[in-house]
1. Go through segment 165-284 and tell me which helices (runs of 4 or more DSSP H), entirely inside it, have 3 or more residues that are in contact (Cβ under 8 Å) with a residue 12 or more places away in the chain and farther than 22 Å from residue 365 by Cβ.
2. Can you pull out every residue in segment 245-285 that is closer than 16 Å to residue 221 by Cα, open to solvent by less than 40 Å² (accessible area, probe 1.4 Å) and β-branched (Val, Ile, Thr)?
3. List the pairs whose first member sits in segment 286-306 and is open to solvent by less than 30 Å² (accessible area, probe 1.4 Å), whose second member is charged (D, E, K, R), and whose Cβ atoms are under 8 Å apart, counting only residues at least 6 apart or on separate chains?
4. If I filter segment 331-351 down to residues being of a type in the set (S, T, N, Q) and at pLDDT 85 or above, which single residue comes out as surrounded by the fewest Cβ atoms within 10 Å (Cβ to Cβ)?
5. Every residue in segment 317-330 that is open to solvent by 10 Å² or more (accessible area, probe 1.4 Å) and in a helix (DSSP H, G or I), please.
6. For segment 20-40, which positions are of a type in the set (A, V, I, L, M, F, W, C), in contact (Cβ under 8 Å) with a residue 60 or more places away in the chain, part of a helix (DSSP H, G or I) and open to solvent by less than 40 Å² (accessible area, probe 1.4 Å)?
7. Here is a list of conditions, (1) in contact (Cβ under 8 Å) with a residue 40 or more places away in the chain; (2) buried (at least 24 other Cβ atoms within 10 Å of the Cβ), and residue 74 meets all of them except one; can you say which number that is?
8. Using beta carbons and a limit of 6 Å, which pairs, at least six apart or on different chains, have the first residue in segment 120-133 and free of Cβ contacts under 8 Å to residues at least 60 places away in the same chain and the second one assigned to a helix (DSSP H, G or I)?
Amino acid sequence: MPRAVYVLALGIFAMVTSEFVVAGLMPQMADGLDATIPEIGYLITAFAAAMALGGPFLTVAVLKLRQKSALMLLFGIFLAGNVLAALAPDYRTMLVARVLTGIASQAFFGVSISLASRITRPEVRGRAVAVALNGLMLGTLLGLPFATVVGEHLGWRAAFWAITVLTVLAAAATFVGVPSAEGEGEETGSLRQELGAFRNPRLWLTLTTSTFVIGATFSAFSYLNPILTELTGFSTGTVPLLLIAYGAATVIGNTVVGRLADRRTIPVLVVGLALNLTFLIGFALFAELTVPAVVFMLGIGLVGVTMNPALVTRVQRVGNARSLVNTVHTSFITLGIIIATSVGGPAIDTYGLRAPLWIGAGLAVLGLASLVPDVRRRLLNPAPAPTATSVEEAADKVPQVV
């Protein structure tokens, strides 16, 4: 595996840590910015909305740049937003900072995934994407607790300064660790060429599957804390340990899926979604029982967001491995998070804390339904799927680094 793939994971780790930091420091930020807890919660929504809506436009703006140059520019925009957040004198300034960092993060994810795919052999692209996305998993496992501890002991602004330092380190590692020659021989596509992939109806169905998969998972993840404390009965001090265990499960699942994603993309997604559906239903039915609740929670971590390498592989085969397709894909993933959080909250008010788990189960069913055409196609044509479509090969004529 090229060293650059691990460097990309570090950049993703820094940005995911920034994405999640608000969730761990809501009371402190509310006091410091003279805002309410719900208003601080909107900063999370603003970040996600900026990712989903603004990321693709920023990606279009850097299409003509070599991918290493694009990453450095995106680091600069993200760094500026993060410094603005650390210095924010009021809520409005913080809101602007979160939008800026959200847009830069989304574009960074798209370019990073595209680059990870381009610098590895086609038959191991799924594994390369999994390595890069371990930055996302480790952001949940380590980044959020780290930022929360720093914020609790040194103040919430210190948490943003810590992320700023981490971002500078990741940018320096990218400058040194990603070869400048990665773009040589690459055809820089026009916007029309980039948009051509979206004329394929199959691509839109494929993107929708990702929304359902991630939406199903985040319907549970977004409300784990109140579910585990108010329904299962764990103390607030125990929940962080359970969340660390959940994060460890995502790292394990991501590694396993990454090794299977290239050759068994559709079976992995079908089995993963079916298991996630089972775990979500089990969690909803037995949330008040300690051992089953923990087992089902860890199961969701194992087969939920960890489907990302298979989702990325599927999208790249139907579309291509270019930056715009990957960024739009991450926008659809973010849309799943937005749906899960925006529907889950009101449902809790009406139906109780089990409601998000049932909503997640419903989204998992929709995800399985969206896979039916590919399953039928696979049954009718049992030949193994190619590692890359002719469209992707035409779009990605670059030297492969092993």
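The values are calculated or read from the model by the stated rules, or taken from the named source; none is laboratory data. Computed from a prediction, not measured in an experiment: that's the story for all the values here. Heads up, the Cβs are rebuilt from the backbone with ideal geometry, glycines too, and the neighbour counts pull from every protein chain shown. Areas reflect the complete protein model, heavy atoms only, side chains present, ligands, DNA and RNA absent. Shrake-Rupley method; radii C 1.70, N 1.55, O 1.52, S 1.80 Å.
1. Working: elements: 191-196, 201-221, 239-260.
Per the criteria, 191-196, 239-260.
2. Hits for segment 245-285 are 250, 251.
3. Partner pairs satisfying both residue conditions: 287/354.
4. Here is the first cut: in segment 331-351, the ones of a type in the set (S, T, N, Q) are 331, 334, 341-342, 350.
Next, from what is left, pick out any that are at pLDDT 85 or above: 331, 334, 350.
Values: 331: 22, 334: 27, 350: 7.
Here the answer is 350.
5. Residues of segment 317-330 that are open to solvent by 10 Å² or more (accessible area, probe 1.4 Å), as a first pass: 317-318, 322-323, 328, 330.
Matches in segment 317-330: 317, 318, 323, 328, 330.
6. We begin by selecting, within segment 20-40, every residue of a type in the set (A, V, I, L, M, F, W, C); these are 20-23, 25-26, 29-30, 33, 35, 37, 40.
Next, from what is left, pick out any that are in contact (Cβ under 8 Å) with a residue 60 or more places away in the chain: 20-23, 25, 29, 33.
Applying the additional criterion that residues be part of a helix (DSSP H, G or I) yields 20-23, 29.
Selection gives 20, 21, 22, 29.
7. (1)
8. Nothing qualifies.
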